[in-house]
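One structure is given below, encoded as C-alpha cells.
The values are calculated or read from the model by the stated rules, or taken from the named source; none is laboratory data. Predicted model, so just to flag it, every value in this text is computed and none were measured. Ideal geometry is used to build each Cβ from the backbone, glycine not excepted, and the neighbour counts take in all protein chains shown. Note: accessible area is taken over every heavy atom of the protein model, side chains too, but ligands, DNA and RNA are not part of it. Shrake-Rupley method; radii C 1.70, N 1.55, O 1.52, S 1.80 Å.
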Amino acid sequence: MADHGDGRLRTEGSGGGGGGGGGDVGGPPAGAGALVVGAEMLLALVLLALVLLAAYRLYLRWGTRSGPGGAAREGQAAVLPRMKRRDFSLEQLREFNGARNPRILLAVNGKVFDVTKGSKFYGPDGPYGIFAGRDASRGLATFRLDKDALRDEYDDLSDLNAVQMESVREWEMQFKEKYDYVGRLLKPGEEPSEYTDEEDTKDHTKQE
C-alpha cells in the first residue's frame with residue numbers, strides 16, 4: 001500500500017495510469033455467470049410447464065373417456081344382441097352413430113361393420129367417432145379425421161389412387177378380423193338383399 005498524500009490508501013498498480021496490470025481487465029462483467037444460470041433455469045421451467053400442460057390436455061382428452069359415460073356405453077354394448085344380416089343405405093347407416101342409437105356401425109369399402117364393442121374408439125367421444133354411422137373409407141384411405149373426408153352422398157372412391165385403394169382394402173380386412181360384418185352399403189337405387197337365418201348364422205360362425 002502507498003499513501004499518495006491525499007489521505008487515501010491505494011494498492012500498487014492502481015490509479016490513473018492505464019498501464020496497471022489488473023488481471024480482470026477485458027473479462028466478463030460482474031454477475032454475467034449468474035445471469036446465464038438464471039436464464040437456463042428459466043428455460044428449464046418454461047419447458048417443464050409446457051410438458052405438464054401437454055400432459056394435462058392429453059388427460060382431459062383421453063383419460064376421462066373411461067369414466068362413467070364411457071363405461072355405460074361399453075356396458076350397453078355388452079348386452080346388445082348380435083345384429084342380423086341386412087344391407088343399409090347411407091340414410092339408414094347414419095342412424096347407428098352411437099348417439100341416437102347405442103349400436104355403432106360404419107362402412108369400409110362397401111361393407112358395413114358393427115363396431116359397438118369398440119365404442120371407446122368409435123363412440124361420440126372417441127378419437128374416431130366422426131366415422132360412426134358413416135362410410136369411413138375415404139377418411140381411412142387418406143388418414144384424415146375431419147368432416148371433409150366424409151361424403152354426404154354415396155362415395156364410389158373412383159378418384160383415389162392405387163396406394164389409397166390398397167389402404168382401404170387393408171382396413172376392410174382389419175375390420176373383418178375384429179368386428180362383426182353386418183351387410184353391404186347400398187349404392188343409390190340398389191335393392192337390399194334378403195338374407196336367410198341360415199346365411200346369417202353361417203356368416204357369424206365364420207367370424208367366431
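Checked against the criteria, S119 counts as buried (at least 17 other Cβ atoms within 10 Å of the Cβ) and in contact with a Lys or Arg (Cβ under 9 Å, 6 or more places away or on another chain).
Between A77, A99, A55, which is open to solvent by less than 50 Å² (accessible area, probe 1.4 Å) and either of a type in the set (A, V, I, L, M, F, W, C) or at pLDDT 90 or above (or both)?
Working: A99 fails: open to solvent by less than 50 Å² (accessible area, probe 1.4 Å); A55 fails: open to solvent by less than 50 Å² (accessible area, probe 1.4 Å).
Sole residue among the options that is open to solvent by less than 50 Å² (accessible area, probe 1.4 Å) and either of a type in the set (A, V, I, L, M, F, W, C) or at pLDDT 90 or above (or both): A77.
Scanning region 164-186 for residues that are within 20 Å of K120 (Cβ to Cβ) and open to solvent by 20 Å² or more (accessible area, probe 1.4 Å) turns up W171, Q174, E177, K178, D180. Please go through (1) assigned to a loop (DSSP other than H, G, I, E, B); (2) of a type outside the set (A, V, I, L, M); (3) open to solvent by 30 Å² or more (accessible area, probe 1.4 Å); (4) modelled with pLDDT under 95 for D148 and return the number of the only condition it doesn't satisfy. Every listed condition holds for D148 apart from (1). Restricting D155, D114 to those that are in contact (Cβ under 8 Å) with a residue 24 or more places away in the chain and in contact with a Lys or Arg (Cβ under 7 Å, 6 or more places away or on another chain) reduces the list to D114.
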